[in-house]
Amino acid sequence: MNVNHYQVTGMTCGHCEMSIREEVEEIPGIEEIAISAQTGELVVSGRGEIDDTQVLAAVAEAGYTAVRA
(Lines give C-alpha, C1' and ligand atoms only; values in the text may rest on other atoms or scores of the structure.)
Protein backbone atom coordinates (compact mmCIF):
# COMPACT_ATOMS: atom_id res chain seq x y z
CA MET A 1 0.00 0.00 0.00
CA ASN A 2 1.30 3.46 -0.91
CA VAL A 3 1.16 6.18 1.73
CA ASN A 4 1.64 9.92 1.12
CA HIS A 5 1.94 12.61 3.79
CA TYR A 6 0.94 16.26 3.34
CA GLN A 7 1.09 19.37 5.49
CA VAL A 8 -2.13 21.40 5.25
CA THR A 9 -2.33 25.10 6.09
CA GLY A 10 -5.46 26.74 7.43
CA MET A 11 -7.25 23.89 9.20
CA THR A 12 -8.59 24.84 12.63
CA CYS A 13 -11.42 22.45 13.47
CA GLY A 14 -13.32 19.26 12.74
CA HIS A 15 -15.36 20.99 10.04
CA CYS A 16 -12.11 21.79 8.22
CA GLU A 17 -11.10 18.12 8.43
CA MET A 18 -14.49 17.01 7.10
CA SER A 19 -14.36 19.44 4.17
CA ILE A 20 -10.95 18.14 3.08
CA ARG A 21 -11.92 14.50 3.66
CA GLU A 22 -15.01 14.89 1.44
CA GLU A 23 -12.91 16.23 -1.44
CA VAL A 24 -9.99 13.79 -1.10
CA GLU A 25 -12.18 10.69 -0.79
CA GLU A 26 -13.51 11.35 -4.32
CA ILE A 27 -10.06 10.61 -5.81
CA PRO A 28 -10.03 7.14 -7.39
CA GLY A 29 -7.70 4.71 -5.63
CA ILE A 30 -7.65 6.47 -2.26
CA GLU A 31 -8.58 3.89 0.38
CA GLU A 32 -7.73 5.53 3.70
CA ILE A 33 -7.56 9.14 4.85
CA ALA A 34 -6.19 10.37 8.18
CA ILE A 35 -6.39 14.08 8.86
CA SER A 36 -5.72 16.24 11.91
CA ALA A 37 -6.51 19.93 12.27
CA GLN A 38 -4.38 19.94 15.41
CA THR A 39 -1.18 18.91 13.60
CA GLY A 40 -2.13 20.02 10.08
CA GLU A 41 -1.26 16.56 8.79
CA LEU A 42 -3.07 14.73 6.00
CA VAL A 43 -2.13 11.11 5.29
CA VAL A 44 -3.66 9.27 2.35
CA SER A 45 -3.11 5.67 1.35
CA GLY A 46 -4.13 3.44 -1.51
CA ARG A 47 -3.09 0.33 -3.40
CA GLY A 48 -2.01 2.14 -6.55
CA GLU A 49 0.09 5.21 -7.15
CA ILE A 50 -1.28 8.31 -5.40
CA ASP A 51 -1.30 11.38 -7.63
CA ASP A 52 -0.03 14.36 -5.60
CA THR A 53 -1.58 16.76 -8.10
CA GLN A 54 -5.05 15.34 -7.49
CA VAL A 55 -4.65 15.39 -3.71
CA LEU A 56 -3.36 18.97 -3.68
CA ALA A 57 -6.18 20.05 -6.02
CA ALA A 58 -8.76 18.39 -3.75
CA VAL A 59 -7.36 20.22 -0.71
CA ALA A 60 -7.46 23.49 -2.67
CA GLU A 61 -11.06 22.78 -3.71
CA ALA A 62 -11.91 22.52 0.00
CA GLY A 63 -10.36 25.96 0.52
CA TYR A 64 -6.95 25.08 1.99
CA THR A 65 -3.37 24.76 0.84
CA ALA A 66 -1.07 21.77 1.20
CA VAL A 67 2.42 20.60 0.36
CA ARG A 68 3.86 17.12 0.24
CA ALA A 69 5.62 16.40 3.53
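The values are calculated or read from the model by the stated rules, or taken from the named source; none is laboratory data. Bear in mind that the values here come from a model prediction, so they are computed numbers and not experimental data. Here the Cβ is made from the backbone with ideal geometry for all residues, glycine too, and neighbour counts use every protein chain on show. What goes into the accessible areas is simple: the full protein's heavy atoms, side chains included, and nothing from ligands, DNA or RNA. Shrake-Rupley method; radii C 1.70, N 1.55, O 1.52, S 1.80 Å.
Using unit Cβ charges (K, R positive; D, E negative) and no other charged atoms, how large, in debye to the nearest 20, is the dipole of the chain about its Cα centre? Walk me through the intermediate numbers first.
Working: 3 positive and 12 negative charges, 43 e Å.
For the chain, the charge dipole is close to 200 debye.
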With the other protein chains left in place, how much accessible area per residue, in square angstrom, belongs to segment 14-69 at a 1.4 angstrom probe? 59 Å²
Solvent-accessible surface (1.4 angstrom probe) belonging to I35, in square angstrom, nearest 10: 30 Å²
Roll a 1.4 Å probe over the protein heavy atoms and report the accessible area of E61 in Å², nearest 10. 130 Å²
Ranked by accessible surface with a 1.4 Å probe, highest first, in what order do I30, I20 come? I30, I20
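First compute the accessible area of the chain with a 1.4 Å probe, then give the percent of it belonging to carbon and sulfur atoms.
Working: 1880 of 4070 Å².
Using a 1.4 Å probe with all protein chains present, the chain comes out at 46 percent carbon and sulfur.
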222 nm [θ] for the chain, helices only, -39500 (n - 2.57) per DSSP H run of 4+, per residue, to 500? -9000 deg cm²/dmol
Nearest 10 degrees, 0 to 90: what angle lies between the long axis of helix 52-61 and the longest principal axis of the chain (Cα atoms)? 30 degrees
Tell me whether segment 29-69 comes out rounded, prolate or oblate; compute the Cα gyration tensor, take square roots of the eigenvalues as a ≥ b ≥ c, and use a/c under 1.5 as the rounded threshold. oblate
Given the alpha-carbon gyration tensor of the chain, what are the semi-axes of its equivalent ellipsoid in whole angstrom, ordered largest first, with each equal to the square root of 5 times an eigenvalue? 18, 11, 11
